[in-house]
Amino acid sequence: MRKKLIVIVLFLCVMLVSTACGKDETNNTPMPTAEATPTSETTKAPEVTTTPEATPTAEATPMPEATPTAEPTQIVTDPGKVLVVVFSATGNTKKVAEMVAKTENADLYEIVPAVPYTSEDINYNNYSCRALKEQSNAAARPEIGSETIDISGYTKIYVGYPIWAASEPRIMDTFVESYDFGTATVIPFCTSGSSGIGSTGTKLATLAGSGNWQSGKRFPGSATEKDVQTWIDSMKPAQTE
């Protein structure tokens with residue numbers, strides 16, 4: 001009986017020790033944490049960091065510089081630019097034209113016929129001479145042989161010619177019909193033995209169809225620089241004090 005009791009007690013002791021050991025082993029085993037548990041590479045979602053683009057503010061956005069507007073090109077005409085045009089068969093009208101050009105500090109352009117006039121061509125004692133044939137034909141337009149000239153830059157143009165058969169030579173009609181005088185002031189003058197300038201200036205203005213034509217002046221072949229100066233001064237506006 002005593003032996004049996006001792007066996008039971010020993011059995012109980014063994015059971016108690018086993019139970020205690022089981023509890024300690026369970027409590028002392030650390031549990032894996034989420035951070036310590038590795039995640040499979042095939043299932044791990046990559047971290048994507050999205051950086052929003054900076055929205056430029058009105059102040060930060062540079063405004064384009066204003067493009068300068070090109071001003072229209074303007075052609076400025078020298079108000080003192082003067083031209084003297086002359087046709088002269090004997091030299092008398094050219095002499096006056098040279099004096100006008102000198103007085104006005106002007107350019108001089110001579111109308112030279114493609115076929116020059118000989119002394120026989122202007123022999124008015126011969127009613128069949130070339131000059132009188134042309135003058136009797138209002139449609140005659142003798143050809144000009146001198147080079148053309150650009151008259152667009154001139155603001156004042158003198159036009160000189162002799163008087164043939166009480167009219168302007170037909171070659172003057174050729175000239176005025178060949179050019180655009182624009183708004184230039186055009187002043188005719190002539191030389192003759194006795195005839196005045198008459199309506200020749202008006203006829204030339206009509207044929208030209210352009211320019212601001214003024215009353216003309218007739219000079220004798222013996223005209224002087226003083227005569228020319230007096231005429232030019234008479235056309236200037238009166239000076240007011």
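Please treat every number below as a calculation from the coordinates, not as lab data. From a predicted model like this one, the values you see are computed outputs, not experimental measurements. Because the Cβ atoms are built from the backbone with ideal geometry, glycine has one as well, and the counts that use them run over all protein chains shown.
Observations
- Segment 83-234: projected area of the alpha-carbon convex hull, averaged over directions, in nm²: 8.3 nm²
- Sequence-distant residues sharing a close amide H with Phe219 (under 5 Å, placed H): Cys190, Thr191, Ser192
- Residues within the reach of a label modelled at Ala139 (point 7 angstrom out along Cα to beta-carbon, backbone nitrogen below 17 Å), restricted to segment 173-196, are 173-174.
- Remark: the Glu120-Thr230 segment gains 36.1 nm on full extension, using 0.36 nm per residue and subtracting the alpha carbon distance.
- Diffusion coefficient, µm² s⁻¹, Stokes-Einstein with Kirkwood Rh over alpha-carbon pairs of segment 99-138 at 20 °C and 1.002 mPa s: 172 µm²/s
- Within segment 83-234, antiparallel bridges make up roughly 10 percent of the DSSP beta bridges whose residues both belong there.
- For the pair Ser222 and Thr202, a Förster radius of 41 Å applied to the C-beta separation gives a FRET efficiency near 0.95, rounded to the nearest 0.05.
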